[in-house]
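Notes for the one structure printed next.
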Amino acid sequence: MADSADRPIDFTRLPHSSPVPANERERAIADPGFGKVFTDHMITIEWDEGRGWHDATLGPREPLSLDPACAVLHYAQEIFEGLKAYKLADGAMALFRPEQNARRFNHSAARLAMPNLPEETFVDSIRQLVLADRDWFPTVEGGSLYIRPFMIATEAFLGVRPARQYKFLVILSAAGSYFKSGAPAVSIWVSQDYTRAAPGGTGAAKCGGNYAASLVPHANAVARGMDQVCFLDAAEHRWVEELGGMNLFFVFDDGTLLTPPLSGTILAGITRDSLITLARQEGLTVVEERYAIDEWRADAASGRLTETFACGTAAVVTAVGKVASHEGEFIVGSGGPGQTTQRLRDKLVSIQRGIAEDKHGWVMRLD
Ligand SMILES: *Cc1c(COP(=O)(O)O)cnc(C)c1O
């Protein structure tokens with residue numbers, strides 16, 4: 001595929017004729033919730049076979065005009081990323097390991113037969129947008145700007161093959177806390193009826209299709225009074241994989257942490273990777289090994305398992321209290337956030353917000 005490779009791309013800045021008035025914006029960012037308060041601007045970059053990436057703009061956030069035959073609407077050729085802009089203790093805006101999101105985006109693109117986007121262009125588009133809309137940074141405690149880069153197939157063609165035209169976009173959303181109640185621990189339904197990803201499928205790609213397939217199992221879990229779904233492996237329905245959008249960790253009474261291995265059916269979370277590093281730095285043993293639902297239940301009952309937590313950019317680190325399946329339910333540890341869960345969460349959040357020293361070069365200052 002043609003690739004406009006290393007040449008840095010110039011963004012055309014389109015003026016905004018009607019940004020949201022300051023008083024309305026202030027009201028919206030005082031208590032933004034998650035994923036519903038959007039900022040004034042967006043990034044768009046076009047791709048086609050002849051020109052590669054071109055027409056990069058930073059302009060007003062507005063509805064897209066798409067041909068009804070465009071491929072994304074029919075065959076779901078779409079990928080996305082999710083990361084946050086934080087405000088450091090000194091007031092500067094910063095990103096957390098954005099080059100990892102850029103790399104993962106291209107990994108997803110390759111699986112969905114979409115063009116590669118140079119990592120510098122990915123990060124630069126985010127930098128420009130965040131700085132343009134920095135006044136949207138939430139005033140609520142623990143707030144951030146949630147960044148959603150994504151790519152869609154825009155070619156109008158109903159034949160089944162990779163499209164020949166794409167659009168890359170970045171939008172921003174003011175974010176408070178991800179879970180409505182700011183819940184201290186979530187409850188989880190282990191789905192034995194539905195799977196998220198099969199070997200050879202798209203489980204390791206961040207694509208909208210994976211989420212579409214998770215909506216029914218998620219709705220079933222909610223109907224049972226549970227907060228989230230946990231998926232098991234597709235072959236044996238036994239090995240714990242992850243939640244619909246978060247990776248899982250298990251903490252044992254000897255201080256060992258276990259997280260399922262990246263076998264191709266699990267999304268390689270950047271939060272997961274960061275927590276493995278932080279835990280090892282503390283001297284904890286972290287193993288990437290398979291863990292079965294029956295082991296989870298038995299170890300919670302015996303007390304060998306003391307904590308379980310889920311992690312991802314949106315909710316950071318969230319304790320798992322109650323676990324239920326067709327076989328009944330069990331409680332992990334105290335049913336609330338354990339010490340290791342809280343300590344690792346605090347460590348990560350302190351680095352992201354520039355309170356603790358950034359020993360790994362994870363924080364990218366934007367100004
Ligand atoms: C995005 C995502 C995660 C978390 O990844 P982070 O990089 O930590 O935000 C975990 N699982 C799935 C399925 C995801 O889509």
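For this structure, a couple of remarks:
- Residue in segment 210-228 that is farther than 15 Å from Glu295 by Cα, within 16 Å of the ligand (Cβ to nearest atom), in a loop (DSSP other than H, G, I, E, B) and of a type outside the set (Asp, Glu) present: no
- Contacts under 8 angstrom Cβ, first residue in segment 13-27 being more than 16 Å from Pro63 (Cβ to Cβ), partner of a type in the set (S, T, N, Q) and in a loop (DSSP other than H, G, I, E, B), 6 or more apart: Glu26/Thr139
- Positions within segment 103-145 being assigned to a loop (DSSP other than H, G, I, E, B) and in contact with a helix residue (DSSP H, G or I) (Cβ under 6 Å, 6 or more places away or on another chain), in sequence order: Asn116, Pro138, Thr139
- With respect to the conditions (1) more than 14 Å from the ligand (Cβ to nearest atom); (2) within 16 Å of the chain's Cα centre (by Cα), Gly203 falls short on a single one, namely (1).
- Test: residue in segment 184-194 that is within 16 Å of the ligand (Cβ to nearest atom) and within 29 Å of His74 (Cα to Cα): yes
- Any hit, segment 296-318, residues being within 16 Å of the ligand (Cβ to nearest atom), out of contact with any Leu (no Cβ under 9 Å at 6 or more places or on another chain) and in a strand (DSSP E or B): yes
- For the criterion of being in the same structural domain as Ile270 (by TED's automatic domain parsing), in a loop (DSSP other than H, G, I, E, B) and either touching a helix residue (DSSP H, G or I) at 6+ places or on another chain (Cβ under 6 Å) or closer than 25 Å to Pro32 by Cα (or both), Ala205 passes.
- Odd one out for Arg148, checked against (1) part of a strand (DSSP E or B); (2) within 20 Å of the chain's Cα centre (by Cα); (3) crowded, with 21+ Cβ neighbours inside 10 Å: (3)
- One residue stands out among those in segment 230-257 that are among the aliphatic types (A, V, I, L, M) and within 16 Å of the chain's Cα centre (by Cα): the one that is nearest to Ser191 (Cα to Cα), which is Leu243.
Table: residues versus (1) within 16 Å of the ligand (Cβ to nearest atom); (2) small (Gly, Ala, Ser); (3) within 30 Å of Phe105 (Cα to Cα).
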| position | (1), (2), (3) |
| --- | --- |
| Asp254 | no, no, no |
| Arg272 | yes, no, yes |
| Gln281 | no, no, yes |
| Val286 | yes, no, yes |
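- Criterion (over 17 Å from Ala314 (Cα atoms), within 16 Å of the ligand (Cβ to nearest atom) and not small (Gly, Ala, Ser)) met by exactly one of Leu112, Leu129: Leu112
- Selection of segment 234-265 for residues being β-branched (Val, Ile, Thr), in a loop (DSSP other than H, G, I, E, B) and either touching a helix residue (DSSP H, G or I) at 6+ places or on another chain (Cβ under 7 Å) or surrounded by fewer than 23 Cβ atoms within 10 Å (Cβ to Cβ) (or both) yields only Thr256.
- Residue pairs whose Cβ atoms lie under 8 Å apart, sitting 6 or more positions apart in sequence or on different chains, and linking a residue in segment 200-220 that is under 18 Å from Ile79 (Cβ atoms) and modelled with pLDDT of 95 or more to a partner that is of a type in the set (Ser, Thr, Tyr) and in a helix (DSSP H, G or I), are Ala205/Ser108; Lys206/Ser108; Cys207/Ser108.
- Checking Leu73 against (1) under 27 Å from Glu119 (Cα atoms); (2) of a type in the set (A, V, I, L, M, F, W, C); (3) outside any helix (DSSP H, G or I), the condition it does not meet: (3)
- First in segment 274-286 and free of Cβ contacts under 8 Å to residues at least 24 places away in the same chain, second anywhere and outside any loop (DSSP other than H, G, I, E, B) and among the β-branched types (Val, Ile, Thr), Cβ under 8 Å, 6 or more apart: Ile276/Thr259; Ile276/Val286; Arg280/Val286
- Meets criteria (more than 30 Å from Phe137 (Cα to Cα) and surrounded by fewer than 17 Cβ atoms within 10 Å (Cβ to Cβ)) for Gly328: yes
The values are calculated or read from the model by the stated rules, or taken from the named source; none is laboratory data. In this text the structure is predicted, and so the values were computed from the model without any measurement. Counting neighbours? That spans all protein chains shown, and the Cβs are built from the backbone with ideal geometry, glycine included.
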